[in-house]
Amino acid sequence: MRTPFRAGLPLAFALASSLASAETRTVTLSVPGMNCDLCPLTIKKAISKVPGVSKVEASYATKQAVVTFDDAKTTVEALTRATAHAGYASTLKQ
């Protein structure tokens, strides 16, 4: 007879494994289309809506957005897609 505790062990290990592989990443996106002081606000709002994003800093002066996110919940492609939908093409800065 299985006890409820033992029955949940495989699920607990599976969850722990998926959490262990998740990693917080910070990337810089180049956003050359920024042309005014309000552009960073629009970009920040668009990227902030992407699930897994924990922090966004956008700068008109550098025409960049620095984004911190959970790579188990989103991708760089999703971040660049969000800026594109807001009207600002972006690319990963190497």
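A short reminder: the numbers here are calculations on the coordinates, not readings from a lab. All figures in this text were calculated on a predicted structure; none of them were measured in a lab.
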Run down the aspartates and glutamates and flag those whose C-alpha is under 12 Å from the C-alpha of K63, throwing out any fewer than 8 positions away in its chain. D37
Expected vector for the stretch 26-37, Karplus 3J(HN,Hα) from phi with 6.51, -1.76, 1.60 and θ = phi - 60°, integer Hz, x for Gly and Pro, equals 10, 10, 10, 9, 8, 10, x, x, 5, 10, 7, 5
